[in-house]
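First up is the structure itself, then whatever we jot down about it.
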Amino acid sequence: MKIWTLVTAAAASSLLAPAACSPVAAQPLAAAQAATTEHDHIRTRLYGTKGPVIVLIPGMSTPGAVWDETVAALRTDHRLLVVEVKGFEGVPTPANEGPGLIDGIVADLAADLTSRRIGKAIVAGHSFGGLLAMKFALDRPDQVKGIMVVDALPFFGTVLDDKATVESVTPQANMMKTQMLANREAMKAAAVRGVSKDPGGGMAATPEARMKIANWALKADPAVVAQAVYEDLMTDLRGDIAAIEVPMVVLYQAQDPEKAQHRYVTDYAAQPAARLVPVANTAHFIMIDRPDLFQAELNALAR
């Protein structure tokens, strides 16, 4: 259980402390307010009727509800397409339990934008969602006009080892996946109990937010999380991001400014045009801790 909690808490951020986790309702805003589309790997909800389109992709074990505040603040002048990875909201999803989860999400999002007749969109992703945003920009440049990466690296392996490669982290990735799958029943039982006290850790700045995030994380389907963590560790985009030609903004928490700057400057070195923005007074969930800065940056990118 310990390894599942550690990986779930830190799964796509470079500077996070592990946090305990558990369940909360994961319904984003009112479903009736949004145009919802179901795909094999994701569901999407489109809020707003005018303005530029911003795609919002949540992080590991996080439902679409994480973007509620962002949607409420920006929907008057933007169209917000909230992506929800099936399984992260707590419903078992066989399509996301096996190989091809990342590619499936990218393909489903591309099909969604096409079916909605959306041209190029801003794509923003938090944590694991940040990796997905970069992958989408690389695979579907015709559908992207800018990306925002929120507290995520192009290769999660460097969190574990500064000199990591996909080959070097493969044994650890296999071990993590195996242990998470072995602990599925224990995690489901823990999800039923829930978290009612501050779990601490480096997810958010306030106890209330940390409890909400912890409950989201335990609610997620362990089998889907196990596959997502494995594919996250097996995906190294450090060199590939050189091919991204659209504006790119990277927000990252700067609780340890020197360490954070080294990690982000090093891992994003292949894309010197990326604007790296250190964010003070925040933990991993920047959009929750610093909605002012996050929304201003997102709005500027979408202009």
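Looking across the stretch 157-187, the residues that are open to solvent by less than 30 Å² (accessible area, probe 1.4 Å) and not β-branched (Val, Ile, Thr) come down to Gly157, Ala164, Ala173, Met176, Met180, Met187.
Residues that are on the phi > 0 side of the Ramachandran plot and surrounded by 15 or more Cβ atoms within 10 Å (Cβ to Cβ) within the stretch 101-145 comprise just one, Ser127. Criterion applied to Asp68, Asp112, Asp142 was being touching a residue at least 24 places away in the same chain (Cβ under 8 Å), over 16 Å from the mean Cα position of the chain (by Cα) and part of a helix (DSSP H, G or I), and the one residue passing it is Asp112.
List the number of the failed condition for Met148; all other conditions in (1) more than 21 Å from His41 (Cβ to Cβ); (2) in a helix (DSSP H, G or I); (3) not polar (S, T, N, Q) hold. Answer for Met148: the failing condition is (2). Of all residues in the stretch 235-260, those that are closer than 17 Å to Leu160 by Cβ have Cβ atoms under 6 Å from Cβ atoms of residues that are in a helix (DSSP H, G or I) and open to solvent by less than 70 Å² (accessible area, probe 1.4 Å), 6 or more apart or on another chain, in Asp236/Val166; Leu237/Met134; Arg238/Asp267.
Name the residue, out of Val123, Val83, that is under 19 Å from Ala242 (Cα atoms) and either among the acidic types (Asp, Glu) or under 13 Å from the mean Cα position of the chain (by Cα) (or both). Lay out the reasoning, then the answer.
Numbers: Val83 fails: under 19 Å from Ala242 (Cα atoms).
None of the other options fit; the residue is Val123.
Number of residues in the stretch 84-100 that are among the acidic types (Asp, Glu) and open to solvent by 30 Å² or more (accessible area, probe 1.4 Å) equals 1.
Residue-wise test of (1) outside any loop (DSSP other than H, G, I, E, B); (2) open to solvent by less than 10 Å² (accessible area, probe 1.4 Å).
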{"position": "Gly201", "(1), (2)": "no, no"}
{"position": "Met211", "(1), (2)": "yes, no"}
{"position": "Ala226", "(1), (2)": "yes, yes"}
{"position": "Asp236", "(1), (2)": "no, no"}
{"position": "Lys259", "(1), (2)": "yes, no"}
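Inspect the stretch 21-35 for any residue being at pLDDT 95 or above, open to solvent by 10 Å² or more (accessible area, probe 1.4 Å) and either under 18 Å from Tyr230 (Cβ atoms) or among the hydrophobic types (A, V, I, L, M, F, W, C) (or both) and give the result as yes or no. Explain how you work it out, then say what you get.
Just the residues of the stretch 21-35 that are at pLDDT 95 or above, to begin with: none.
Scanning the stretch 21-35, I find no residue that is at pLDDT 95 or above, open to solvent by 10 Å² or more (accessible area, probe 1.4 Å) and either under 18 Å from Tyr230 (Cβ atoms) or among the hydrophobic types (A, V, I, L, M, F, W, C) (or both), so the answer is no.
Within the stretch 154-169, one or more residues are free of Cβ contacts under 8 Å to residues at least 12 places away in the same chain, within 21 Å of Thr235 (Cα to Cα) and part of a helix (DSSP H, G or I). Looking only at the stretch 36-65, residues that are surrounded by fewer than 21 Cβ atoms within 10 Å (Cβ to Cβ) and either free of Cβ contacts under 8 Å to residues at least 12 places away in the same chain or at positive phi (or both) come to 4 in all.
Residue count for the stretch 261-288 under the criterion of being assigned to a helix (DSSP H, G or I), open to solvent by 10 Å² or more (accessible area, probe 1.4 Å) and within 16 Å of Ala124 (Cβ to Cβ): the result is 1. Within the stretch 183-210, residues that are at pLDDT below 95 sit with their Cβ atoms under 8 Å from residues that are of a type in the set (Phe, Trp, Tyr) and surrounded by 15 or more Cβ atoms within 10 Å (Cβ to Cβ), at 6+ positions apart or across chains, in these pairs: Asn183/Trp4; Met187/Trp4. Just one residue in the set Glu245, Glu231 is of a type outside the set (S, T, N, Q), part of a loop (DSSP other than H, G, I, E, B) and either at pLDDT 95 or above or farther than 20 Å from Asp151 by Cα (or both); that residue is Glu245.
The values are calculated or read from the model by the stated rules, or taken from the named source; none is laboratory data. Since the model is a prediction, treat every value here as computed from it, not as a measurement. Please note: Cβ atoms are built from the backbone with ideal geometry, for glycine as well, and neighbour counts cover all protein chains shown. For accessibility, only protein heavy atoms count, side chains too; no ligands or nucleic acids. Shrake-Rupley method; radii C 1.70, N 1.55, O 1.52, S 1.80 Å.
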